[in-house]
1. For region 386-409, enumerate the residues that are assigned to a helix (DSSP H, G or I) and at pLDDT below 95.
2. I want to confirm something. Restricting to region 537-550 and keeping residues that are free of Cβ contacts under 8 Å to residues at least 40 places away in the same chain and surrounded by fewer than 22 Cβ atoms within 10 Å (Cβ to Cβ), which single residue is farthest from H718 (Cα to Cα)?
3. Identify all residues within region 598-638 that are in contact with a Phe, Trp or Tyr (Cβ under 6 Å, 6 or more places away or on another chain) and under 21 Å from H402 (Cα atoms); write none if there are none.
4. Please tell me if D439 is in a loop (DSSP other than H, G, I, E, B) and either of a type in the set (K, R) or closer than 22 Å to G491 by Cβ (or both).
5. Looking only at region 102-125, which residues are farther than 23 Å from G407 by Cα, touching a Leu at 6+ places or on another chain (Cβ under 8 Å) and either touching a residue at least 24 places away in the same chain (Cβ under 8 Å) or not aliphatic (A, V, I, L, M) (or both)?
6. Within region 626-646, work out how many residues are of a type in the set (S, T, Y), surrounded by fewer than 22 Cβ atoms within 10 Å (Cβ to Cβ) and out of contact with any helix residue (DSSP H, G or I) (no Cβ under 9 Å at 6 or more places or on another chain).
7. Filter region 410-422 down to the residues that are part of a strand (DSSP E or B) and surrounded by fewer than 21 Cβ atoms within 10 Å (Cβ to Cβ) and list them by number.
8. Quick one: which residue in I649, I623, I565 is among the hydrophobic types (A, V, I, L, M, F, W, C), more than 25 Å from L277 (Cα to Cα), crowded, with 20+ Cβ neighbours inside 10 Å and touching a Pro at 6+ places or on another chain (Cβ under 8 Å)?
Amino acid sequence: MITSLLFVLPALAGIDPPETQVLVLQFEEAGWDASNADAVHADTEVFHGGERALRLESDNADGATFVTRSFPIRFGGKKVELRGFLKTEDVEGHAGLWLREDGTERGLEFDNMKKQRIDGTNEWTEYRVELPLHPDARDLYFGALVTGKGKIWVDDLELLVDGQPVWDAETLPQLITVFDTDTEFDDGSGIDLADLTHVQHDNLVRLGKVWGFLKYHHPKAREGTLHWDYELFRVLPDVLGAEDTQAGRSLLAEWVADLGEVPTCDPCAEPADEVHLPVEVDWISDSELLGADLSASLMQIHERRPKTGEQFYVGIQPGVGNPDFSMEPDYGHLETLDPGYRLLTAFRFWNIISYWFPYRDLIDSDWDRILARTVWEVAAAEDDAQFSVAMIRMIAEVKDTHTNLWGSLEHRLPIGKCKVPARVRFVEDDRAIVWSLPDTAGDLKVGDIVTAVDGVTVDDLVVEWTPLYAASNRPTRLRDIGRNLLGGECGPAQITVDRAGETLDLETERVEYEDDGDWAHSQSEEAFHLIDDDIAYLSLDKVTNADVKGYLKAAKGTKGWVIDIRNYPNEFVVFSLGSRILADKEPFATFTMVDLDNPSGFKWQQPVTVTPKGKPYAGRIAILVDEATQSSAEYHTMAFRNAPGAVVIGSTTAAADGNVSPIPLPGPFRSLITGIGVFYPDKSATQQIGILPDIEALPTVEGIRAGRDEVLEVALGHLRSD
């Protein structure tokens with residue numbers, strides 16, 4: 001929770017005089033918010049300029065203490081920069097300035113100087129952090145922070161746009177959208193879904209499909225002329241009041257007609273030449289589903305879609321090509337959702353998957369049936385907890401490890417904010433084994449096979465929890481279930497284990513335990529080291545671009561190199577490292593991208609290559625992967641696999657490769673999807689399959705009990721073999 005300090009001044013740009021803002025940035029006047037007001041002080045004894053500085057004192061070993069200011073972005077430019085002076089004392093985590101740009105989605109651009117590793121004790125030093133000015137950014141947040149224990153002093157901040165003070169930057173006119181002019185339902189939809197009948201349910205499901213189709217096809221929606229969420233709320237009472245199916249169809253036909261005739265297109269949209277997924281809207285010709293009038297209207301709208309390359313509610317992320325949903329309003333002021341907003345949430349997510357998810361063809365359940373089921377569950381939800389479970393169940397059907405109801409998973413089993421501080425992993429025929437003990441966990445030991453929790457077998461828990469765990473494949477789902485297996489309500493927990501053939505019922509405690517999040521299976525303390533002088537070892541969770549040349553120099557002359565990607569890369573080194581281990585400029589991946597003119601259609605893109613630089617590493621390379629290898633880690637694996645003599649060793653990966661697209665949802669909810677399709681150059685799939693190893697190597701119960709890294713052992717054996 002952020003606590004206000006004294007008062008907050010109005011927005012900077014074009015409002016307050018520069019003199020006032022200088023005093024605030026030099027901490028001569030108030031105007032800052034803080035995460036913990038007791039930790040923030042105005043220091044008149046230690047300062048850099050003026051007569052006082054801001055001092056942050058943190059005794060929180062596991063969290064961050066920070067101050068912040070924010071204001072609307074009403075200026076143009078290419079980059080925004082925060083400069084300032086910091087003094088530190090006994091900082092155990094890291095200190096820094098931070099800068100963040102938000103649009104309708106939080107964190108369009110962000111940097112908190114974590115990678116600069118400012119810690120310990122340092123005298124006054126000037127630092128700077130800068131971000132490109134994102135075209136969709138609406139609000140700028142900035143300040144200073146300290147993580148872990150320690151003190152920092154902050155003074156003489158400067159906020160610059162393209163090198164000039166922010167108040168001298170070009171002021172842009174405020175963008176006015178339909179969200180600013182149509183505010184009828186800002187405080188609630190007024191919709192009641194209690195005692196839903198079968199007729200009402202079927203009419204709502206039909207409405208959800210039609211509303212989504214129109215959102216991305218009708219000019220008044222796709223151009224942003226109408227507030228499409230509020231148009232849903234306007235038509236909902238009539239749909240709910242329809243006496244039967246025919247009345248519901250007729251009402252929708254009238255609704256579409258009232259939107260006005262769609263003009264003919266010149267030029268009209270045409271499917272791309274190289275298509276991965278064709279446009280899929282055959283249902284609009286189903287007169288049994290829609291009725292003849294509604295079906296004819298929708299087909300005409302589809303035929304008249306213009307070639308513009310633009311959508312109001314969907315864009316394309318520059319340089320990548322994944323869909324951008326930042327224009328979707330999130331209604332963040334709503335702490336809880338009424339039934340209409342809950343239904344809107346389900347409709348929004350369902351239609352985004354239908355039209356903009358690059359792997360919709362891999363959804364093995366009937367997506368229409370999932371919408372029908374979710375409408376029942378949304379209508380029956382008595383609170384946000386029950387609604388969250390309904391959405392979590394829907395989202396899990398997508399089978400994308402990136403996708404979840406992020407920020408609301410406390411409603412997913414197991415319920416409770418505590419856990420036994422032990423890490424569980426499924427190995428050998430899906431046995432749940434304690435593979436790490438970050439903290440005291442009663443009588444549990446590394447190597448214990450967990451067979452039951454509070455009297456319920458692990459097998460039964462897996463069956464019960466599976467519909468609530470979104471994942472691209474079974475190993476990844478078990479990975480995430482394992483991370484939560486010992487969670488639940490605070491207090492006593494009974495864990496039944498198999499310890500070397502002996503069954504034990506252990507009494508332990510679930511506590512409020514802040515795991516450090518280091519679930520990487522590489523477990524390396526440093527990025528690079530030599531193993532017995534003949535094998536180089538690099539763990540990507542600690543890699544930096546700045547050190548790549550040093551890694552190459554240290555690895556020179558070794559017989560083999562282990563690149564451990566059983567983790568998430570600390571920095572993106574596909575090109576900086578890949579260019580120095582690859583011998584040829586060969587494609588390693590190809591993408592698919594959304595087609596804004598043809599919603600639900602996906603186009604093939606050109607293959608991706610790495611350009612070699614200089615003579616490549618001469619030894620063999622072993623790339624280690626498993627279910628912890630996800631997204632960027634999978635992409636790195638695909639690139640490095642092309643190195644001469646490289647083999648991938650381990651087990652199938654998390655099968656969710658590609659840049660994510662955040663999905664703003666109403667109120668406190670949010671989600672993501674894998675936004676681009678990532679394939680091998682021959683167009684074979686990676687999603688739900690993962691990166692398959694050349695040499696399979698799996699941990700065993702006996703190996704974990706003995707403290708061995710069996711996957712690494714297989715890699716070393718391969719690299720040292722003749």
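1. Within region 386-409, L409 is the sole residue that qualifies.
2. Of all residues in region 537-550, those free of Cβ contacts under 8 Å to residues at least 40 places away in the same chain come to 537-539, 541-543, 545-550.
Among the residues that remain, those that are also surrounded by fewer than 22 Cβ atoms within 10 Å (Cβ to Cβ) are: 541-542, 545-550.
On the way: D541: 23, K542: 24, N545: 28, A546: 30, D547: 27, V548: 24, K549: 25, G550: 25 Å.
Checking each candidate, the answer is A546.
3. S600, A633, M638
4. It is true that D439 is in a loop (DSSP other than H, G, I, E, B) and either of a type in the set (K, R) or closer than 22 Å to G491 by Cβ (or both).
5. Scanning region 102-125 gives I118, N122, W124, T125.
6. Summing the residues that are of a type in the set (S, T, Y), surrounded by fewer than 22 Cβ atoms within 10 Å (Cβ to Cβ) and out of contact with any helix residue (DSSP H, G or I) (no Cβ under 9 Å at 6 or more places or on another chain) in region 626-646 gives 1.
7. If the condition is that a residue be part of a strand (DSSP E or B) and surrounded by fewer than 21 Cβ atoms within 10 Å (Cβ to Cβ), then C418 is the only one that fits.
8. Working: I623 fails: touching a Pro at 6+ places or on another chain (Cβ under 8 Å); I565 fails: touching a Pro at 6+ places or on another chain (Cβ under 8 Å).
From the options I649, I623, I565, the qualifying one is I649.
The values are calculated or read from the model by the stated rules, or taken from the named source; none is laboratory data. Just so we're clear, the structure is a prediction, and the values are computed from it rather than from any experiment. Here the Cβ is made from the backbone with ideal geometry for all residues, glycine too, and neighbour counts use every protein chain on show.
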